[in-house]
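Where a number appears in this text, it was derived from the coordinates with a stated rule and is not lab data. For clarity, every value in this text was computed on a predicted model and none was experimentally measured. Cβ: placed from backbone, ideal geometry, glycine included. Neighbour counts: every protein chain shown.
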């Protein structure tokens, strides 16, 4: 009997060892793949600086490959502006929904709203873009007198809707993870429910809320199809919300299939992809730093 137990224990230890090796190999493989992508995109993109100066690329808004002009400032500005506007529209609405679901909604309503919110994630981005193209763009053109209707306003509204599930889900978890003793102490001291939410719950859950916002920004800055359908795809620096412009992702999608590999034009697109990748990596670093102080 004891020999059987010992053999079973050895077999279990062997399985644990093999599983550990397997997980280590998977982690190493994923790290290798990510580094390979970064190195390939970086090497191909940095070749651009042999023909285009960094100043012209980053601080010039003139994009005309036929004339050798490769200024990506308008695309970088378009990506950042669209992302910030989307967060400006979506973050207050998402945070309000999170507070409602976490502290106000009855359990039966929360059981309906939570799956419904998560369902938004499963909707393809092209569907959002099609809705923006058929509803939002004509509305802006006809009722807000926004020229063609394409531009940053339509893009930021569509992106704001797309990032709502991220903000609502993570913010709700952060608010619900706040110790109940803090809320009870605030109410015991005579604070109203809204004072407790505003001055106790939200500050305590702020690291998690900020993580949700940064994750939403990462989703918005990397969005392609929906943005490409409503932004206007014009290589110019937007001077108003109603002016068509372009982003890093939309310009890469439009032009990558028509550019010769290894040309200054193609290398510039790779450099734009590298800039987008670095922006995403910076947001991931920010998420990890914010997550250290999160209550979730």
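Computed quantities for the displayed model
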read-out: Residues 14, 136, 113, sorted so that the one with the fewest Cβ neighbours within 10 Å comes first; value: 14, 113, 136
read-out: The chain: relative contact order in percent, alpha carbon pairs under 8 Å with at least 6 residues between; value: 27
read-out: Residue order, fewest to most beta carbons within 10 Å, for 281, 241, 248, 29; value: 29, 281, 241, 248
read-out: Over the chain: Rg over Rh, Cα atoms, Kirkwood Rh; value: 1.09
read-out: Estimated FRET transfer efficiency when R0 is 45 angstrom, pair residue 93-residue 39 (beta carbons, to 0.05); value: 0.70
read-out: Cα-based Rg / Dmax (Å) for segment 88-231; value: 17.7, 56
read-out: The chain, helix-only ellipticity at 222 nm - DSSP H runs n ≥ 4, -39,500 (n - 2.57), divided by all residues, nearest 500; value: -22500 deg cm²/dmol
read-out: Estimated distance in nm for a label pair at residue 29 and residue 187, the labels positioned 7 Å out from Cα along Cα-to-Cβ; value: 5.1
read-out: Packing-based exposure ordering (other Cβ within 10 Å, fewest first) of 283, 30; value: 30, 283
read-out: FRET E, pair residue 142, residue 253, Förster distance 30 Å, beta-carbon r, rounded to 0.05; value: 0.60
read-out: Theoretical gain in end-to-end length, residue 112 to residue 66 [0.36 nm per residue, Cα-Cα removed]; value: 11.1 nm
read-out: Whole-number Å³ per residue for the convex hull built on Cα positions in segment 187-251; value: 131
read-out: Estimated Rh, segment 183-296: Kirkwood, alpha-carbon pairs, angstrom; value: 17.4
read-out: Spin-label pair residue 20/residue 239, simplified geometry with 7 Å Cα→Cβ offset, distance in nm; value: 6.5
read-out: Rough spin-label spacing in nm, given labels placed 7 Å along Cα→Cβ, for residue 13 and residue 122; value: 4.6
